[in-house]
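Reading through the structure tokens given below for one structure.
The values are calculated or read from the model by the stated rules, or taken from the named source; none is laboratory data. All values reported here derive from a predicted model rather than from experimental measurement. Every residue, glycine among them, receives a Cβ derived from its backbone with ideal geometry; neighbour counts consider all protein chains shown.
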Ligand SMILES: [Zn+2]
């Protein structure tokens, strides 16, 4: 089992060293803004090290959006961040499934995902694998419930889209974790990355609040089993003060 953690972009190597992991996930720009990403000193340091990198794209990105003023900058930001991810030699880049708003048709959001890949394919595709992550909330999300993920995959699967399973999001989104890997693979054919997080909130709460592995509403044994079954690299996005314990717990399994 390959275990890594989400780390601060200004000190990725220090955090990898203190956690004793050889895989990190990071943002390449402020996740709440539209700033163009640049490879600064700390990103260059991780690029030049033996630590492997996964990039998490910024939160402002919503390629499903029916609003041009969100969707168009989202496409641009995704391509820019994929370029930087490639410069870092990243294994892949995680992108949230996104959503449409109340009163809008989720099928149009799915169509926007397909258009994203179609347009990018015209120029040779993304420079790193794109891994779409399931999300916890909203009735009009592209990748909350697995029936929605199935509709999304009908549209994007042929472009080689990958999947990132977040266990907190699945649980809070109303999907049981027993057999979750089997059920996801029946839809996507693959799980490329697992965000292994416990949840502060209850099943189907639609709330996205991560907890350390031993301290949330999900049985940690189930989380360890999901991690093992996935066969995919694991990234912990759990609260900082408990990440070292989370790494130790998984290694002990
Ligand atoms: Zn996640």
Counting only residues that are more than 16 Å from residue 191 (Cα to Cα) and within 16 Å of the ligand (Cβ to nearest atom), which one in segment 118-152 is nearest to the chain's Cα centre (by Cα)?
136
Here the residues within segment 98-107 that are touching a helix residue (DSSP H, G or I) at 6+ places or on another chain (Cβ under 8 Å) and more than 16 Å from the ligand (Cβ to nearest atom) are 100, 106, 107
When residues of segment 213-241 are filtered for being outside any loop (DSSP other than H, G, I, E, B), more than 16 Å from residue 193 (Cβ to Cβ) and within 16 Å of the ligand (Cβ to nearest atom), how many remain?
1
In segment 201-212, the residues that are closer than 20 Å to residue 253 by Cα and either within 14 Å of the chain's Cα centre (by Cα) or within 14 Å of the ligand (Cβ to nearest atom) (or both):
211
Segment 102-113: number of residues that are buried (at least 19 other Cβ atoms within 10 Å of the Cβ) and either under 15 Å from residue 75 (Cβ atoms) or free of Cβ contacts under 8 Å to residues at least 40 places away in the same chain (or both):
3
Which one of these is under 16 Å from residue 27 (Cα atoms) and either in contact with a helix residue (DSSP H, G or I) (Cβ under 7 Å, 6 or more places away or on another chain) or surrounded by 15 or more Cβ atoms within 10 Å (Cβ to Cβ) (or both): 63, 84?
84
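Check 110, 95 and return the single one that is under 23 Å from residue 193 (Cα atoms), touching a helix residue (DSSP H, G or I) at 6+ places or on another chain (Cβ under 8 Å) and outside any helix (DSSP H, G or I). Explain how you work it out, then say what you get.
On the way: 110 fails: outside any helix (DSSP H, G or I).
Sole residue among the options that is under 23 Å from residue 193 (Cα atoms), touching a helix residue (DSSP H, G or I) at 6+ places or on another chain (Cβ under 8 Å) and outside any helix (DSSP H, G or I): 95.
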Pick from segment 175-200 the residues that are under 15 Å from the mean Cα position of the chain (by Cα) and in a loop (DSSP other than H, G, I, E, B): which of them is nearest to the ligand (Cβ to nearest atom)?
197
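Here's the yes/no breakdown for (1) surrounded by fewer than 24 Cβ atoms within 10 Å (Cβ to Cβ); (2) modelled with pLDDT of 95 or more; (3) over 19 Å from residue 223 (Cβ atoms):
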residue	(1), (2), (3)
163	no, yes, no
168	no, yes, no
175	yes, yes, no
190	yes, yes, yes
193	no, yes, no
199	no, yes, no
With the requirement that a residue be surrounded by fewer than 13 Cβ atoms within 10 Å (Cβ to Cβ) and within 25 Å of residue 74 (Cβ to Cβ), what does segment 3-35 give you?
10, 32, 33
Among the listed residues 182, 229, which satisfies the condition of being closer than 29 Å to residue 63 by Cα, surrounded by fewer than 22 Cβ atoms within 10 Å (Cβ to Cβ) and touching a helix residue (DSSP H, G or I) at 6+ places or on another chain (Cβ under 9 Å)?
182
Within segment 140-158, residues in a loop (DSSP other than H, G, I, E, B) and either in contact with a helix residue (DSSP H, G or I) (Cβ under 9 Å, 6 or more places away or on another chain) or surrounded by 20 or more Cβ atoms within 10 Å (Cβ to Cβ) (or both) come out as 140, 142, 143, 144
Restricting attention to segment 153-174, the residues that are in contact with a strand residue (DSSP E or B) (Cβ under 7 Å, 6 or more places away or on another chain), closer than 26 Å to residue 207 by Cβ and away from the ligand (no atom under 15 Å from the Cβ) number exactly 0
